[in-house]
Structure formats: C-alpha cells, structure tokens
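A short write-up of the structure that comes next.
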Amino acid sequence: MTIRAITSGAAAGHVVRPALAHDHSLCIRTALEQAEQLCADSGARLTPLRHRVLELIWASHKPLGAYDLLDQLAREGHKPAPPTIYRALDFLLEHRLIHRLASLNAFLGCSHPGDAHAGYFLICKSCGNTEEVTDSAGLQQAIRRATEAAGFVMQQGTLEISGFCQQCRHD
C-alpha cells in the first residue's frame, strides 16, 4: 500500500502526515531509521529507552503524554520513573525527532526530523488524530510578515489548529 498525503479543505496545498489508511509500520520503521542515522551523525546516544519512547510515540497518530508512555512501558515490564521519561522526551525534542503540543501536553513524532522548522498541526477534536503540516512555506511567510510588521522576534513557532478531520466530519 502506498502512503498518501492529505491535501484537502483548508489544508489544500499543504502535505501533512500520512492518512490513517496506510502501512503505518513503514512510518514507524522510517522514523526509527532516520532517528538512528541522525543520532549517529551527530554523535548523540539513542539509548534503548529513548528508542522505545520514540517508537511508542510513532505507533499512534494521536499525541501521547508522558504518563501514557509510562503506562505503556509499565505494561511491557519496564518501570522507569517519570524523570527518566521526561529526560528521554527532552532528548528527542532537542534532536528534533518529536514535537511537543502544548495545548495537549503531549508529544508527536516529527515527520521531517533534524530539520529546524516551526511546527504546524491539525488536531481533530473528535478522534484526537493529529497531522503535521509539512509543506508550509506560504504559512511561514505569512507569519514572518506579521511578526516583522509588529516588530516581534519569534524564537519558537508552533501553531495548533483544532477542528475535525475528514473522517470525523463524515461520521
């Protein structure tokens, strides 16, 4: 099965994370391979726990919180303390392998890791699936123009747009 991009409605022209009707195991494998390569190239250590946390985050299209990850690891027989999970998440954030969604206090795998970029997300209020907008040049230009006009210097840019995904709109 091929991976298809969602490019409809308000997101027309913006490629986002693959739709749910795809081989998700390929997404997970690709994300883990990219993470391993990025860490090897930078000399960073992708420990087994960091690797597993990243894998769990990618296993869902829904953002996961730290305690969701702790629960899953506990079901697998691991017993990491919350600070250990937060250190793993900090590492993955620092190396641009995941994004933090502040409105949900949760984490989502980055669809183009290692690249310095702002994060733009479409969050479904019904099912919780979240898509990262990856072709965002027009959006970035509009935000840059607005911040320059205001004399504002942006240090970090994340835009979380909530609404209803195509599947939930039709259900």
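No lab work stands behind these numbers, since they all come straight from the coordinates. These figures come from a predicted structure and were not determined experimentally. Virtual Cβ from ideal backbone geometry, glycine too; neighbours counted across all protein chains shown.
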Given unit charges at Cβ for Lys, Arg (+) and Asp, Glu (-), the dipole magnitude of the chain about its Cα centre in debye, nearest 20, is 200
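Run the numbers on region 16-170 and let me know its relative contact order in percent, using alpha-carbon pairs under 8 Å that are six or more apart. Mind dumping the intermediate values first?
Values: 183 pairs, mean separation 35.3, N = 155.
Once divided by the residue count of region 16-170, the mean separation gives 23 percent.
Using DSSP to define loop residues, name the GluC sites (Glu not before Pro) in region 61-158 whose beta-carbon has at most 14 other beta-carbon atoms within 10 Å. Show your work: numbers first, answer last.
Working: sites: 76, 94, 131, 132, 148; in loops: 76.
Sites meeting the loop and neighbour criteria: 76.
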Chymotrypsin sites (Phe, Trp or Tyr not before Pro) within region 92-171, DSSP loop, no more than 10 other Cβ atoms inside 10 Å: 152
What distance in nm separates the two pseudo spin-label positions at residue 146 and residue 112, each 7 Å out from Cα along the beta-carbon direction? 2.0
Using each residue's phi in region 100-105, evaluate 6.51 cos²θ - 1.76 cosθ + 1.60 at θ = phi - 60° and report the 3J(HN,Hα) Karplus result to the nearest Hz, with x for Gly and Pro. 9, 9, 4, 5, 10, 6
Summed side-chain charge close to residue 141 - residues other than residue 141 whose Cβ falls under 15 Å, Lys, Arg +1, Asp, Glu -1: 0
I need the helices of the chain that pass two filters: whole DSSP H segments spanning 24 Å or more by Cα along the axis, and mean Kyte-Doolittle score no lower than -0.5. 24-42
